[in-house]
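Following: one structure in structure tokens, then a few remarks.
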Amino acid sequence: MAGKGKTVHGEAANAGHRVLAPDDAEVEAYLETALHAPPPQRAAADRPSTADHGTVVVLDFGSQFAQLIARRVRELNVYSELLPHDTPMAEIERRGATAIILSGGPNSVYDIDAPRPDPAIWSGRIPVLGICYGAQLMALELGGDVLPASKREYGPATVTITADDPLFAGLDRDQPVWMSHGDSITRLPEGFSSTAHSGSTPFAGLVDHERNLYGIQFHPEVVHTPRGRDILRNFVVGIAGARATWTPASFIESTVAEIRARVDDHARAVGSDGKVICALSGGVDSAVAAALVHRAVGDRLTCIYVDHGLMRKKESELLRATFEQHLGMRLVMVDARERFLARLAGIIDP
């Protein structure tokens, strides 16, 4: 077996997924093993995971603030994931969701290509909070009316809370908020009641307590809504019952434990020694993945980095120093610069 930092080079032959070069037998062995091994089983339900804390799923309808919603939830020490707007309810439930938040979005609910969620999210099995476009979708799809507002509401506004509702627990009657919408809910669906209004928006807040469906026409995730974090906490922790115990440190701990368990299970299933390979690109995603796996399995991990000659100056050397010297990882570097640059000769518009 090669030592740390071994560099393999040469022109690869056309042999499917195999890497063939004069001294790349080790890399070839790793890839052949990975290609022919059966897929690992999913981790057992009793293993540490983010589901132990509860997950808030944020469905992204194209809002510029969608990522910010997920971040605000995590700032409450509750784990959140940002998923596509049409994620099936079955997948949301598989992720252990305790709450669903629908982001805003640039569309009108009447646009031909307006994004829609899986209708099963309205079933009441998981509490839902619709924000702006998300609230309008909730109203329209459940039988209410949404019409273009006579005046687009964009910027600061004052919302008057008109109901003693858990979503607004601890808040004063009049709240400064940030609005950004052109459509407006004009009639509530059956089973809903109004919880707030503004000067231009008759239903700035709505709720169906029986199905745990909540909607607001303003943005609690932005700093221009000073008590927005309290509203999110009221929904996520107070209404949905998520546990405010998640931290990045706990995420790392549970992820490392899950990786270790999966690798050990797979090793027992195929009768191997549980070695793992990780492709490094030099970017953040693969670097973080490698660091987590290394923490889980130690020297059983081998990272493979292909130097294609298109990195920034000295970047490959920096990567080697970081992963070998600072992180103590086993690294195989493949020098493929000549191959890539030769293939790119004369190409100006790939």
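Some observations on this one:
- Between residue 269 and residue 244, the simple label model (points 7 Å from Cα in the Cβ direction) yields a spacing of 4.0 nm.
- Here the peptides 59-69, 336-346, 125-135 are ranked by packing, the mean other Cβ count within 10 Å, and the order with the highest first is 125-135, 59-69, 336-346.
- Extension gain (nm, one decimal) between residue 187 and residue 211, 0.36 nm per residue minus Cα-Cα: 6.8 nm
- The label-point distance for residue 154 and residue 251, in a model that sets each label 7 Å from Cα toward Cβ, rounds to 3.2 nm.
- Mean Cβ neighbour count within 10 Å, used as a protection proxy, ranking 158-168, 85-95 highest first: 158-168, 85-95
- Estimated FRET transfer efficiency (residue 327, residue 123; beta-carbon r; R0 45 Å; 0.05): 0.45
- Spin-label model, residue 173/residue 288: points 7 Å from Cα along the beta carbon direction are separated by 4.6 nm.
- Inter-part distance, the stretch 108-134 to the stretch 172-188, computed on C-alpha centroids, equals 17 Å.
- The stretch 232-323: trypsin sites (Lys or Arg not before Pro) in DSSP loop, at most 10 other beta carbons within 10 Å: 312, 313, 314
- Net +/- balance of residues flanking residue 89 in space, Cβ distance below 10 Å, scoring K and R +1, D and E -1: -1
Each value in this text was obtained by applying a stated rule to the coordinates, not by laboratory testing. Treat the numbers as computed from the prediction; the structure is a model and nothing was measured. Neighbour counts run over all protein chains shown; Cβ positions are idealised from the backbone, glycine included.
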